[in-house]
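The values are calculated or read from the model by the stated rules, or taken from the named source; none is laboratory data. Just so we're clear, the structure is a prediction, and the values are computed from it rather than from any experiment. With ideal geometry, Cβ positions are generated from the backbone for all residues, glycine too; neighbour counts draw on all protein chains shown.
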Amino acid sequence: MKIVIIGSGYVGLVAGACFAEMGHIITCVDNNPAKIESLRKGIMPIYEPGLDALVTGNMAAGRLSFTEDLGEALKGADAAFIAVGTPPRPTDGHADMKYVYAVARAIAEKASDDLVVVDKSTVPVGTGDEVERILRAAGRPFRFSVVSNPEFLREGVAIDDFMRPDRVVIGSEDAWSRNVVSRIYGVEQLKDAPILHTSRRSAELLKYAANAFLAMKITFINEIADLCEAVGGDVRDVAHGIGLDSRIGEKFLNAGPGYGGSCFPKDTLAISKTARDYRVELRTVETVIQVNDNRKRAMALRVVDACNGNVRDKTIAVLGLAFKADTDDMRDSPAIPVIQALQDFGAHIRAYDPEAMENAKSIFTQVHFCRDSYEAAEGADAVVILTEWKQFKSLDLAKLRSIVQAPLLVDLRNIFTEKDAAKAGFDYWGIGSKNSGAPALSQALAAE
Ligand code: NAD
Ligand code: UGA
């Protein structure tokens, strides 16, 4: 089928390349000329494992192309997917819909035949109705129908998530559009993926509910980690033990510095704002947002505690800047508030990330960016791990120990154990075990 994807970012580009791989003819559109120019040369605007080969392979096979010209792309298309950003509006935190509505107006103007418009961006309930109203208000002599088809991929494993999804959700209001989108996903490669048909509004809400639930799960385990530190348990054992219950599940129970990224923070905020517009209070979600926000500065305080209560004029080596491993995405990364807080407290920061350095350079001031982990550790009073990159897991801790000024390892992703660290001569502060935080109450009581 002939499909147009509007917005060639993390979602649009991955969706375009994967649909092409499934045999569809894809045109990816973006209004950023530099992005289109480099994509045509096979240069990826983002770091996503495997994307490079998928894009260039499908371009060579004639199934994937890139353009700024929406009108040309829409000629003969069966469907147009909207995959532009829906960031939080700076004034009030509601999802900023200006990019989605601009695309709807552009489609209304440039379409040259009947068209199914599929919203893949994460959007508040009722957006599909508004997009349909915009399309119809243009008074063009074509049929338009709008479908909600939310995307559940994770950055870093985006291709696998897209090609082997847990489910495909198609929220539609008529048989024509439902059939078109069902045919797009009804390909051999996706034969095992359950397809869930819902109303358009249910599909829109379901996406936010999924992200809010996952954010809640992470926040829950982070709070249990705090309790483990206080009582002398180990959050890794607790997470494993509760996760073995199939009603809970083991995934997304890794305690850390708080969730970040371009989705959970903005989507939890957006669903809570939508709810209040409908006079419903999502108090669990509102609490999750607050607990997660507070956690990031608390992580900086943990580094201060580990440094005997003072980081003024101390050198802190930060390993990992991206919001998670296997991406260069810095949007809402926990590294941002943690580093800024450490700088507020007077620390000098040396930092390294395998992929996110370029994006990080436009965010931070006064950070010394290094070529690798060992260079970052030179003269450091503490090494802080903020992203769980695989290459950090295989660091030579003994070598690192010989480079640092003081042997202190603050591991905010629990990629090492206290034993690994101790063997190399490091004092270890992890997350959610009795050695992680301030002296445990149980230790204090024992000492009495
Ligand atoms: P992004 O910022 O990486 O990409 C958006 C792209 O749209 C940019 O390249 C931008 O230039 C382009 N664009 C903006 N206005 C345009 C217009 N009028 N015409 C053509 N192109 C235009 O965003 P993203 O991370 O891909 O997210 C897109 C949507 O998908 C968001 O709603 C997000 O919540 C949702 N989502 C993202 C992920 C993820 O992992 N990033 C996963 C699931 C869902
Ligand atoms: C998330 C969802 O997982 C996707 O299903 C969804 O499509 C996407 O948001 C979206 O809507 O954009 P993503 O943001 O790429 O995907 O990354 P995640 O793997 O979910 O991680 C989000 C944050 O939670 C990261 O900061 C990560 O470090 C943190 N996290 C994740 C934890 O702290 N612990 C965990 O156990 C899992």
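Whether a residue is more than 16 Å from ligand 2 (Cβ to nearest atom), within 24 Å of Ala300 (Cβ to Cβ) and surrounded by fewer than 22 Cβ atoms within 10 Å (Cβ to Cβ) was assessed, and Ala175 does not pass this test.
A quick yes/no check of all residues on (1) assigned to a helix (DSSP H, G or I); (2) among the acidic types (Asp, Glu); (3) out of contact with any helix residue (DSSP H, G or I) (no Cβ under 7 Å at 6 or more places or on another chain); (4) farther than 25 Å from Thr86 by Cβ:
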| residue | (1), (2), (3), (4) |
| --- | --- |
| Gly156 | no, no, yes, no |
| Trp176 | yes, no, yes, yes |
| Asn179 | yes, no, yes, yes |
| His197 | no, no, no, no |
| Leu206 | yes, no, yes, no |
| Ala212 | yes, no, no, no |
| Met216 | yes, no, no, no |
| Ile242 | yes, no, yes, yes |
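Can you name the residue in segment 346-405 that is without any contact (Cβ under 8 Å) to a residue 12 or more places away in the chain and among the small types (Gly, Ala, Ser) and is also surrounded by the most Cβ atoms within 10 Å (Cβ to Cβ) among such residues? The residue in question is Ser402. Taking each residue of segment 239-261 that is over 14 Å from Ser433 (Cβ atoms) and within 16 Å of ligand 1 (Cβ to nearest atom) and looking for partners that are outside any loop (DSSP other than H, G, I, E, B) and among the polar types (S, T, N, Q) with beta-carbon atoms closer than 8 Å, six or more apart or interchain, yields Tyr259/Thr219; Tyr259/Asn292. Selection over segment 341-384 of residues that are closer than 11 Å to Leu319 by Cα and among the aromatic types (Phe, Trp, Tyr) gives a count of 3.
Considering only residues of segment 111-146 that are closer than 16 Å to Ile184 by Cβ and surrounded by 24 or more Cβ atoms within 10 Å (Cβ to Cβ), which is farthest from ligand 2 (Cβ to nearest atom)?
My answer is Leu115.
Across segment 397-422, which residue is nearest to Arg297 (Cα to Cα) among those that are modelled with pLDDT of 95 or more, among the charged types (D, E, K, R) and part of a helix (DSSP H, G or I)? Taking the candidates together, the pick is Arg401. On the stretch given as segment 82-114, residues that are touching a residue at least 12 places away in the same chain (Cβ under 8 Å) and in a loop (DSSP other than H, G, I, E, B) total 13. Restricted to segment 140-179, and to residues there that are closer than 22 Å to Ala212 by Cβ and of a type in the set (Asp, Glu), the residue that is nearest to the chain's Cα centre (by Cα) is Glu155. Of the residues Ala225, Ala270, Ala230, the single one that is assigned to a helix (DSSP H, G or I) and touching a Leu at 6+ places or on another chain (Cβ under 8 Å) is Ala230.
Please find, among Val168, Val181, the residue that is under 21 Å from His24 (Cα atoms), in contact with a strand residue (DSSP E or B) (Cβ under 6 Å, 6 or more places away or on another chain) and without any contact (Cβ under 8 Å) to a residue 40 or more places away in the chain. Break it down into steps so the answer makes sense when it comes.
Numbers: Val181 fails: without any contact (Cβ under 8 Å) to a residue 40 or more places away in the chain.
Of the residues listed, the single one that is under 21 Å from His24 (Cα atoms), in contact with a strand residue (DSSP E or B) (Cβ under 6 Å, 6 or more places away or on another chain) and without any contact (Cβ under 8 Å) to a residue 40 or more places away in the chain is Val168.
Could you tell me whether any residue of segment 55-67 is modelled with pLDDT of 95 or more, within 24 Å of the chain's Cα centre (by Cα), part of a helix (DSSP H, G or I) and more than 24 Å from Met163 (Cα to Cα)?
At the first step, the residues of segment 55-67 found to be modelled with pLDDT of 95 or more are 55-67.
Checking the rest, the ones that are also within 24 Å of the chain's Cα centre (by Cα) come to 55.
Next cut, part of a helix (DSSP H, G or I) only: 55.
Then drop every residue that is not more than 24 Å from Met163 (Cα to Cα), which leaves none.
No, there is no match, as no residue in segment 55-67 is modelled with pLDDT of 95 or more, within 24 Å of the chain's Cα centre (by Cα), part of a helix (DSSP H, G or I) and more than 24 Å from Met163 (Cα to Cα).
Within segment 201-209, does at least one residue satisfy the condition of being within 16 Å of ligand 1 (Cβ to nearest atom), within 21 Å of Gly171 (Cα to Cα), surrounded by fewer than 19 Cβ atoms within 10 Å (Cβ to Cβ) and touching a residue at least 60 places away in the same chain (Cβ under 8 Å)? There is at least one residue in segment 201-209 that is within 16 Å of ligand 1 (Cβ to nearest atom), within 21 Å of Gly171 (Cα to Cα), surrounded by fewer than 19 Cβ atoms within 10 Å (Cβ to Cβ) and touching a residue at least 60 places away in the same chain (Cβ under 8 Å).
Name the residue that is farthest from Ile385 (Cα to Cα), counting only residues in segment 262-297 that are of a type in the set (S, T, N, Q) and within 16 Å of ligand 1 (Cβ to nearest atom). Top of the filtered list is Thr274. Here segment 324-363 is the region considered, the condition is being within 12 Å of the chain's Cα centre (by Cα) and more than 23 Å from Val311 (Cβ to Cβ), and the residue that is nearest to ligand 2 (Cβ to nearest atom) is Lys324.
So in segment 249-300, with the set limited to residues that are of a type in the set (S, T, N, Q) and within 13 Å of ligand 2 (Cβ to nearest atom), which one is surrounded by the fewest Cβ atoms within 10 Å (Cβ to Cβ)? Please lay out each step first, then the result.
Here is the first cut: in segment 249-300, the ones of a type in the set (S, T, N, Q) are 254, 262, 268, 272, 274, 284, 287, 290, 292, 294.
Add one more test, that the residue is within 13 Å of ligand 2 (Cβ to nearest atom), and what stays is 254, 262, 268, 292.
Values: Asn254: 18, Ser262: 22, Thr268: 26, Asn292: 22.
The residue in question is Asn254.
Taken together, Gly76, Gly16, Gly71 contain a single residue that is assigned to a loop (DSSP other than H, G, I, E, B) and either modelled with pLDDT of 95 or more or more than 22 Å from the chain's Cα centre (by Cα) (or both), which is Gly76. Restrict the check to segment 214-234 and report whether at least one residue is touching a residue at least 60 places away in the same chain (Cβ under 8 Å), near ligand 2 (Cβ under 9 Å from one of its atoms) and under 18 Å from Ala95 (Cβ atoms). The answer is yes, given that some residue of segment 214-234 is touching a residue at least 60 places away in the same chain (Cβ under 8 Å), near ligand 2 (Cβ under 9 Å from one of its atoms) and under 18 Å from Ala95 (Cβ atoms).
Scanning segment 314-345 for residues that are on the phi > 0 side of the Ramachandran plot and either part of a strand (DSSP E or B) or crowded, with 24+ Cβ neighbours inside 10 Å (or both) yields a single hit, Gly320. Restricting to segment 69-84, and then to whatever is more than 18 Å from Ala102 (Cβ to Cβ) and not acidic (Asp, Glu), can you tell me which residue is surrounded by the most Cβ atoms within 10 Å (Cβ to Cβ)? Top of the filtered list is Ala79.
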